[in-house]
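Notes to accompany the following structure.
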Amino acid sequence: MTPLARKRLTRIALNGAGVLVFLFAIFPVYWMVSTSFKANDQIFTTDFIPFPTHFTFEHVTKVLTDGVAGNSIWVYMRNSAVVALGTVLVGSLFALLAATAVARFRFKGRTSFLITLLVVQMIPCEALLIPLFLNVRRLGLYDQLLGLIVIQVGLTLPFGIWMLRTFVAAVPRSLEEAAWIDGATRFTTFWKVLFPLVAPGLVATSIFSFITAWNDLIFALVLMKDTAGYTMPVALQFFFGQRGTDWGAIMATSTLMTLPVIAFFLVVQRRMVSGLVAGAVKG
Amino acid sequence: MTNTPTLARGGAGTSAPRRRRGPRRGRRGGLPPWALPYLLLVPGIVVIAGLLLYPMIQMFVMSFQNINLRVIRGVAEPEWVGLDNYTQVFGNDVFWSSLRNTVVFAAVTVTLTLAVGTAVGVLLQRLGRGMSTFVVIGIMCAWAVPPVAQGTIWRWLFDAEAGIINWALNLLPDGLSTLVLGRADWTGEPWLNDAWSVYVVLVLTVVWASFPFVAVSVLAGLKGIPAELYEAARVDGAGAWHTFRKITVPLLRPVFAVLTVLSIIWDFKVFSQLYVLLNGPTNREAFNLSLFSFAEAFKAPPKMGTGAAIAVVLTVILLLVTAVYTRQMVKQEDLT
């Protein structure tokens with residue numbers, strides 16, 4: 001075999017492997033989406049029907065009108081969005097303040113704070129479920145979306161600070177010093193110089209928090225009682241309780257829950273990685 | 001930076017004379033500069049202390065208490081029971097099967113995730129630019145699926161009657177299928193009835209959803225390795241496997257350390273996917289520690305003390321395993 005033929009063969013093999021990986025990753029997602037647009041006779045069959053040849057919106061329409069557990073899926077989407085956005089708004093502000101403190105100042109207790117940030121990330125949030133549940137009841141936040149927001153802020157904040165501080169640290173200090181020399185106050189320096197430069201990092205951190213809050217099942221499961229307050233992951237469980245499993249409706253709901261996350265992921269994928277393995281990849 | 005926005009943005013009550021006092025001083029009159037970082041940290045510390053550290057202590061205390069429905073309703077005080085919760089937990093067969101499920105699942109899943117993820121990461125680096133982007137977008141989609149939807153999708157793929165997996169297994173030649181798997185007709189195979197087959201599905205689900213993160217991180221690490229090293233190895237006549245073992249693996253060791261421990265953390269406490277596959281806390285044989293703790297604490301009658309004791313055990317295991325990670329991170333990040 002000539003070297004050229006060999007090279008070409010390697011290329012074909014590599015690309016073939018690439019396609020296989022792509023198919024393995026994408027097929028379950030594709031199957032979810034395609035099932036939600038198939039008519040029932042194409043869903044409940046032992047045959048393989050790759051495309052919905054009887055393309056239908058009946059499942060999507062059904063979950064958006066009838067919904068599940070007495071409410072339209074819109075209600076659950078709205079609840080999920082309220083919790084996730086509330087978490088992002090409060091969490092990003094707190095994370096930005098703390099990240100600025102640890103990235104811009106040297107102060108007593110800084111190292112302890114950073115180590116605490118790392119250690120609390122090891123605590124399984126499932127373990128905090130019981131005390132947090134009792135505290136939320138005591139505070140009168142049981143069965144309220146606000147209670148979920150408060151908890152999600154707590155769960156996402158350590159990682160948010162951890163991730164954001166690398167972005168703050170990456171902004172050259174000289175820019176702020178220049179602003180100071182021009183007579184800007186600390187607040188102006190923060191708002192006009194640091195903030196715009198950290199904004200991309202803030203977006204990445206926010207999306208991370210949004211996804212964490214949006215995906216949460218366990219806290220929403222125990223903290224919300226009234227069906228009108230359920231979030232998407234909880235609502236999805238109620239499709240399984242009914243007689244027979246309505247896979248069309250389930251997959252339509254799953255698709256509605258998944259698409260926003262996929263969209264966000266494609267936006268921030270690079271930063272997610274650099275944030276998660278921050279430091280390790282420096283080599 | 002002009003002075004005009006300074007005045008406009010300076011905040012309520014800030015007037016021109018304040019500006020003249022010089023930038024090195026605290027903005028609001030009496031605030032000394034050293035206090036500023038602490039002020040910025042206040043919300044963060046309050047949240048972390050109130051929502052993570054304090055509940056952590058509460059959980060520990062509660063694991064020595066009897067917390068029943070009357071306590072939850074607030075009509076009775078929790079009763080101190082010493083080590084009763086722990087003896088009860090350790091005397092329960094479900095605890096030991098949950099522990100086994102948790103550990104074996106984590107070991108298998110972490111190994112598979114790292115192996116598949118690394119292989120895909122190396123593959124991505126060798127692919128052309130267009131193909132690489134194409135594959136990255138594909139695996140991103142798998143990574144992005146929310147855990148609850150992951151469980152739902154794989155439950156559907158493994159559905160006994162209309163699931164695509166049983167259809168695919170039926171495609172195998174009958175002889176081969178009988179020889180290897182012990183049966184030829186797979187229609188109606190209920191994958192989610194037995195604990196072991198639930199875990200087969202769970203391993204697949206979690207590996208499918210978490211290998212992309214490993215792959216993309218490994219790719220990022222590989223891009224940081226200077227090409228000259230590989231060039232030199234090639235000139236010296238080193239083969240692909242040898243190059244991988246002698247150059248790639250040692251240089252990526254820090255990345256692998258972080259990825260391993262992150263995977264352990266995630267796989268030890270997997271909850272949503274298992275909850276969906278089992279249709280809630282039903283099949284006790286298939287519980288892991290997270291689900292066991294949840295079921296003890298929230299299924300009627302609620303035994304929150306016992307649930308807390310299980311959570312303490314899970315936390316201790318995780319903290320022991322991840323102590324390594326914390327040390328690694330602290331060393332690398334140069335926190336001081």
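With respect to B:ALA257, is the statement that it is part of a loop (DSSP other than H, G, I, E, B) and of a type in the set (A, V, I, L, M, F, W, C) true?
It is false that B:ALA257 is part of a loop (DSSP other than H, G, I, E, B) and of a type in the set (A, V, I, L, M, F, W, C).
Would you confirm whether any residue within segment B:241-248 is facing another protein chain (nearest Cβ under 7 Å), modelled with pLDDT of 85 or more, more than 30 Å from B:ALA160 (Cα to Cα) and surrounded by fewer than 21 Cβ atoms within 10 Å (Cβ to Cβ)?
Looking through segment B:241-248, none of the residues is facing another protein chain (nearest Cβ under 7 Å), modelled with pLDDT of 85 or more, more than 30 Å from B:ALA160 (Cα to Cα) and surrounded by fewer than 21 Cβ atoms within 10 Å (Cβ to Cβ).
Considering segment A:96-112 alone, what residues qualify as being assigned to a helix (DSSP H, G or I) and within 7 Å of chain B (Cβ to nearest Cβ)?
A:LEU97, A:ALA98, A:THR100, A:ALA101, A:THR111
Mind listing whichever residues of segment B:166-202 are crowded, with 18+ Cβ neighbours inside 10 Å and within 31 Å of the chain's Cα centre (by Cα)?
Selection gives B:ASN166, B:GLU189, B:TRP191, B:LEU192, B:VAL198, B:TYR199, B:VAL201, B:LEU202.
Specify the residue that is farthest from the other protein chains (Cβ to nearest Cβ); the eligible residues are those in segment A:117-141 that are at pLDDT 90 or above, part of a helix (DSSP H, G or I) and farther than 17 Å from A:THR212 by Cβ.
Within segment A:117-141, the match that is farthest from the other protein chains (Cβ to nearest Cβ) is A:VAL136.
Select, from A:THR156, A:THR166, the only residue that is modelled with pLDDT of 85 or more, part of a helix (DSSP H, G or I), surrounded by 21 or more Cβ atoms within 10 Å (Cβ to Cβ) and not aromatic (Phe, Trp, Tyr).
After ruling out the rest, the residue left standing is A:THR156.
Name the residues in segment B:267-277 that are at the interface with chain A (Cβ under 10 Å from one of its Cβ atoms) and in a helix (DSSP H, G or I), would you?
B:PHE268, B:SER272, B:GLN273, B:TYR275, B:VAL276
Give me the residue from segment A:92-142 that is closer than 14 Å to B:PRO55 by Cβ and basic (Lys, Arg) and, out of that set, surrounded by the most Cβ atoms within 10 Å (Cβ to Cβ).
A:ARG137
The values are calculated or read from the model by the stated rules, or taken from the named source; none is laboratory data. Quick caveat: nothing in here was measured; it's all calculated off a predicted structure. Cβ coordinates were reconstructed from backbone atoms using ideal geometry, including for glycine residues, and neighbour counts include every protein chain displayed.
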